[in-house]
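For reference, the structure is listed below as structure tokens.
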Amino acid sequence: MSSLSDKLKSLGVKVGAKDLPPTTTRRSYPIEEILEGDFLQTPYGQVFAVESHYPPEHRQGVGLLRLDTSLDTIAAWANDPRLLELDPTEFVFLDTETSGLAGGSGTYAFLIGVGRFHGNGFHLAQFFMRDPIEETAQLIALLSFLGDYRGLVTFNGKSFDIPLLNTRFITNGEQSPFGRATHLDLLPLARRLWRDRLPSRALSFLEEAVLGAKRTEEDVPGWLIPNLYFDYLRSGDARPLKNVFYHNAMDIISLAALLNHMATMLENPLEGAQKHAIDQIAIAKLLEDLGQLDEAAHLYANGLDQDLPPEISSTAIQRWSFMEKRRENFALALKLWQIAADAGEIYAFIELAKYYEHRQQSYQEAIVWTKKAIDLVTAPGSTGFETRHWLPELDHRLNRLERKLSRSNGLDEQD
């Protein structure tokens, strides 16, 4: 009776393992083979760190990697006078790369990049978590780098990076170091300065559009980074993470250069730090809100003297005119309202009517401007919203002015 193996052989099936191709073992590529770094020893084990140094003359596009401009205006905008007390070497610039973009207790900061100024340039350190078990060591190494820092600079750090790191410190039984320093988050200021001119305020976009720096093909999109880290944890292949380290380093360098650029354009807005009229209007609005009205007026005038999109010009004229009204500079306010009225801005007709009614008691002139406004909102082509919104107020104003004019004429006749 033939065996099963004999039957298989008769059918051409090879039995045994001698003819099988040799098995292949997938090679791992540890991070220390991909990047030049060192293993730092902490009481909780080792952590891999990459350190880089940039000389004082290094430029990120047109941005200088230094902090040599007063932070007066930024401190006033942030409402934090402590910023004025700090030496540039006391600031730390921080950015994280995480295992998720939504935050939460299950999100790790697997790469923490930090930079700070020294007398001989800018020092960048990146602390990498090869495995979640190394998180405590990573955080302790970060504490050592922070030292006696007093100022923290981030980009969206108040909403994301710092709450995440606070959670990671607490989870690891350590006290977070971020409560003791003044924290300057540049994202809200970037939105304030460039929301009218640029389609994005992402740091990588500002790096190119404002600083004129362009990243190399080594960069990787931020949304892809969590997946690259999870792929690394599964495969042990750290080669794609080289691009993540590059992305993180560029974020930190750009953050430092952007702070200096912002400070320069706010302290010297007409001296070449920025060349765009829209930016000048944005700075004028900011200075107006800070109570620096003479400086704001100068920037409004300079910006409006250049080519501006109609909507930017319209808003600037309106804000400038109301600012001058508050200062009781009616000679200039009248000129601005006249320009706005010529452009068909309803508010300008109303402001002119108010001025002649209350400041000049010229009820006839006030009636003229009110009737012009009524004609505008009831003209063919005007929207129903404009008519419904403005017409009741204008009719009420016209009736009141006509009564005042009638009483005034009656008194004149008695006299």
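Seen against the Cα atoms of the chain and their longest principal axis, helix 241-267 is set at about 20 degrees. Overall, region 65-109 carries a charge dipole of about 160 debye about its Cα centre when +1 sits on the Cβ of Lys and Arg and -1 on the Cβ of Asp and Glu, all other atoms neutral.
Between the beta carbons of GLU33 and LEU270, assuming R0 = 60 Å, the FRET efficiency works out to 0.70 to the nearest 0.05.
Between the helical axis of 135-146 and the dominant principal axis of the chain, each derived from Cα atoms, what acute angle in degrees is found, rounded to the nearest 10? Tilt relative to the chain: about 50 degrees.
Normalising the average separation of contacting C-alpha pairs (under 8 angstrom, six or more residues apart) by the number of residues puts the relative contact order of region 297-415 at 15 percent.
Across region 212-224, computed HN-Hα scalar couplings (Karplus, 6.51 cos²θ - 1.76 cosθ + 1.60, θ = phi - 60°) run x, 9, 10, 6, 7, 5, 5, 5, 9, x, x, 5, 8 Hz from first to last residue, x flagging Gly and Pro. The sum of -39500 (n - 2.57) across all DSSP H runs of n ≥ 4, divided by the residue count of the chain, sets its helix-only mean residue ellipticity at 222 nm to -15500 deg cm²/dmol. Computed from the C-beta positions of SER406 and GLU386, the FRET efficiency with R₀ = 22 Å rounds to 0.15. When you restrict to C-alpha pairs under 8 Å that are six or more residues apart and normalise by the size of region 31-267, the relative contact order lands at 29 percent. Shown for ASP294, ASP72: other C-beta atoms within 10 Å of each C-beta, ranked fewest to most, produce the order ASP294, ASP72.
In a reduced charge model with +1 at each Lys and Arg Cβ and -1 at each Asp and Glu Cβ, region 277-414 shows a dipole moment near 580 debye about its Cα centre. When the chain is described by a simple charge dipole with +1 on each Lys and Arg Cβ and -1 on each Asp and Glu Cβ, the residue from SER235, GLY147, GLN364 located farthest towards its positive end is SER235. Between 0 and 90 degrees, the angle of helix 293-304 with respect to the longest Cα principal axis of the chain falls at about 80 degrees. Charged side chains reduced to their Cβ positions (Lys and Arg at +1, Asp and Glu at -1) give the chain a dipole of some 1280 debye around its Cα centre.
Computed over the chain, the quotient of the alpha carbon radius of gyration and 2.2 N^0.38 Å is 1.50.
Points 7 angstrom from Cα along the Cβ direction at TRP223 and GLN360: gap in nanometres? The answer from the label model is 5.7 nm.
Read-outs: derived from the displayed coordinates by stated rules, not from any lab. Please read all numbers here as calculations on a predicted model, not as lab measurements. No Cβ is skipped: glycine too gets one built from the backbone with ideal geometry, and neighbour counts run over all protein chains shown.
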